[in-house]
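Q: Can you read through this structure? Questions will come right after.
The values are calculated or read from the model by the stated rules, or taken from the named source; none is laboratory data. On a predicted model such as this, the values are computed, not experimentally measured, just so you know. Here the Cβ positions follow ideal geometry from the backbone for every residue, glycine too, while neighbour counts run over all protein chains shown. Surface areas here come from the heavy atoms of the whole protein model, side chains and all, with no ligands, DNA or RNA. Shrake-Rupley method; radii C 1.70, N 1.55, O 1.52, S 1.80 Å.
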Amino acid sequence: MDRRSLLALSPLVLAAGSAPAWAAAGADAVATVEAFHAAMGRGDAAAVADFLLEDAVIYEQGGAESSKAEYVQAHLPGDIAYSQGMTDTVTDRRFSAQDGVSWVLTQGRTTGTYDGKKVDRLTTETMVLKKTRGAWRIAHIHWSSRAAPAS
């Protein structure tokens, strides 16, 4: 993670009065979120699935998958197809971590083309991660978006 990314995260870090170890744990969780998205973008379904806990719950646009297996079977192929035609820009990212649990809150903009249609969406994402066997794994994802204002 570069210095600019850490500065964007600093409001929550400073508000929590954290120690460097806490900041490092949160930065590791953020790196997991970024690696999850990179795997999605390159179409690596196995890598995406590896980031999820077996009992992960995914909420998206009012729907829900109640396990990793359900998400991998039902929604992951469509999410991969969608993300491969998109460019995601993070406009704000914050995190917090405590006792082996971290949450990463991201706002951004997604642009591109999907199914022959232009996409321009403002996005929000919440990921809750748990430290398991020395690695961060995703326990919960909540995605939502809305059309970006016309420019």
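Q: What are the residues in segment 22-46 that are touching a residue at least 60 places away in the same chain (Cβ under 8 Å) and under 21 Å from residue 73 (Cβ atoms), if any?
A: Matches in segment 22-46: 36 only.
Q: Considering segment 84-101 alone, what residues qualify as being in contact with a Gly (Cβ under 6 Å, 6 or more places away or on another chain) and either closer than 16 Å to residue 146 by Cα or modelled with pLDDT of 95 or more (or both)?
A: Matches in segment 84-101: 86, 87, 88, 89, 90, 91.
Q: Sticking with this one: In the list 65, 54, which residue meets the criterion of being surrounded by fewer than 12 Cβ atoms within 10 Å (Cβ to Cβ), of a type outside the set (Val, Ile, Thr) and modelled with pLDDT of 95 or more?
A: Residue meeting the stated conditions: 54.
Q: Would you confirm whether or not segment 72-90 contains a residue that is among the aromatic types (Phe, Trp, Tyr) and open to solvent by 30 Å² or more (accessible area, probe 1.4 Å)? Give the derivation first.
A: Taking segment 72-90 as the starting set, the residues that turn out to be among the aromatic types (Phe, Trp, Tyr) are 82.
Still in the running and open to solvent by 30 Å² or more (accessible area, probe 1.4 Å): 82.
Within segment 72-90, one or more residues are among the aromatic types (Phe, Trp, Tyr) and open to solvent by 30 Å² or more (accessible area, probe 1.4 Å).
Q: Do we find a residue being open to solvent by 20 Å² or more (accessible area, probe 1.4 Å), in contact (Cβ under 8 Å) with a residue 60 or more places away in the chain and of a type outside the set (Gly, Ala, Ser) anywhere in segment 107-130?
A: yes
Q: Pairs under 8 Å by beta carbon, first residue under 20 Å from residue 133 (Cβ atoms) and charged (D, E, K, R) in segment 50-71, partner open to solvent by 80 Å² or more (accessible area, probe 1.4 Å) and part of a strand (DSSP E or B), six or more apart or different chains?
A: If the second residue must be open to solvent by 80 Å² or more (accessible area, probe 1.4 Å) and part of a strand (DSSP E or B), the pairs left are 68/54; 68/55.
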